[in-house]
Amino acid sequence: MGKLHLELVTPEKVMISQDVDIVVAPGSIGEFGVLEGHVPFLSGIVPGELRYSSAGQTEHFVVTTGFAEISDNKVSILVDAAEKAAEIDVERAREARERAEKRLAARGAEDIDFARAEAALKRAMVRIRVAEKKM
Ligand code: ATP
């Protein structure tokens, strides 16, 4: 059993609160891994895959946007949304991707919030990628 504690929190609930051996998370300047004894640091979190291992089992989640704090063998990750890989609704993500792509294709239209559509597209693509990964 690891001596590293992982907390994954969204505005809705605490998704994970447990001791783990390693955490790998999608940081804003690239993926980072944390083992016991890691130096303290802060990082932004971007849409991507979060995984952790505990007692030889690896679990996969999707996270969206937020930040992470690593300190005293505790990894705290606060994000807008997160889902366990196996619980992702792929059809919903495909529909979200399609909506976002249509909005992005309408480049130039005044009523389209481009950055918002791009962010939605990223979330949808990550959900599809992680859900479809054979694990
Ligand atoms: P959508 O347009 O389908 O709502 P979204 O990217 O705008 O997608 P978010 O704002 O990131 O959705 O998430 C809203 C809530 O819905 C969160 O609780 C998130 O975990 C959940 N969620 C979003 N998409 C999926 C999905 N494909 N499968 C399971 N849960 C999802």
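For region 85-105, enumerate the residues that are more than 9 Å from the ligand (Cβ to nearest atom) and out of contact with any helix residue (DSSP H, G or I) (no Cβ under 9 Å at 6 or more places or on another chain).
ALA105 - this is the single residue of region 85-105 that is more than 9 Å from the ligand (Cβ to nearest atom) and out of contact with any helix residue (DSSP H, G or I) (no Cβ under 9 Å at 6 or more places or on another chain).
Answer with yes or no whether VAL126 is in a helix (DSSP H, G or I), within 14 Å of the ligand (Cβ to nearest atom), hydrophobic (A, V, I, L, M, F, W, C) and in contact with a strand residue (DSSP E or B) (Cβ under 8 Å, 6 or more places away or on another chain).
yes
Among GLY33, GLY44, which is the only one that is more than 16 Å from the ligand (Cβ to nearest atom) and either more than 23 Å from ALA119 (Cβ to Cβ) or in contact with a His (Cβ under 8 Å, 6 or more places away or on another chain) (or both)? Steps first, please.
Working: GLY44 fails: either more than 23 Å from ALA119 (Cβ to Cβ) or in contact with a His (Cβ under 8 Å, 6 or more places away or on another chain) (or both).
Selected residue: GLY33, the only one of GLY33, GLY44 that is more than 16 Å from the ligand (Cβ to nearest atom) and either more than 23 Å from ALA119 (Cβ to Cβ) or in contact with a His (Cβ under 8 Å, 6 or more places away or on another chain) (or both).
Before we move on, is ARG51 basic (Lys, Arg), more than 11 Å from the ligand (Cβ to nearest atom) and under 13 Å from the mean Cα position of the chain (by Cα)?
yes
Condition first: surrounded by fewer than 14 Cβ atoms within 10 Å (Cβ to Cβ) and either out of contact with any Pro (no Cβ under 9 Å at 6 or more places or on another chain) or part of a strand (DSSP E or B) (or both). Now tell me which residues in region 42-73 satisfy that.
First pass over region 42-73, keeping only residues surrounded by fewer than 14 Cβ atoms within 10 Å (Cβ to Cβ): 42, 44, 55-58, 71-72.
Those that are surrounded by fewer than 14 Cβ atoms within 10 Å (Cβ to Cβ) and either out of contact with any Pro (no Cβ under 9 Å at 6 or more places or on another chain) or part of a strand (DSSP E or B) (or both): LEU42, GLY44, ALA55, GLY56, GLN57, THR58, SER71.
Find all pairs meeting these conditions: Cβ atoms under 6 angstrom apart; at least six residues apart or on different chains; first residue within region 103-129 and within 27 Å of PRO26 (Cα to Cα) and in contact (Cβ under 8 Å) with a residue 40 or more places away in the chain; second residue surrounded by 10 or more Cβ atoms within 10 Å (Cβ to Cβ) and among the polar types (S, T, N, Q).
ARG123/THR64
Being within 10 Å of the ligand (Cβ to nearest atom) and either in contact with a Leu (Cβ under 8 Å, 6 or more places away or on another chain) or without any contact (Cβ under 8 Å) to a residue 60 or more places away in the chain (or both) is the filter here, so list the residues in region 65-83 that pass it.
Initially, region 65-83 is screened for residues within 10 Å of the ligand (Cβ to nearest atom), giving 65, 79-83.
THR65, VAL79, ALA82, GLU83 - these are the residues of region 65-83 that are within 10 Å of the ligand (Cβ to nearest atom) and either in contact with a Leu (Cβ under 8 Å, 6 or more places away or on another chain) or without any contact (Cβ under 8 Å) to a residue 60 or more places away in the chain (or both).
Assess whether ALA124 counts as being buried (at least 16 other Cβ atoms within 10 Å of the Cβ), out of contact with any Phe, Trp or Tyr (no Cβ under 8 Å at 6 or more places or on another chain) and closer than 14 Å to LEU50 by Cα.
no
Each value in this text was obtained by applying a stated rule to the coordinates, not by laboratory testing. Keep in mind that this is a model prediction, so the values were computed, not measured. A quick note on method: Cβ atoms are made from the backbone with ideal geometry, for glycine too, and the neighbour counts reach across all protein chains shown.
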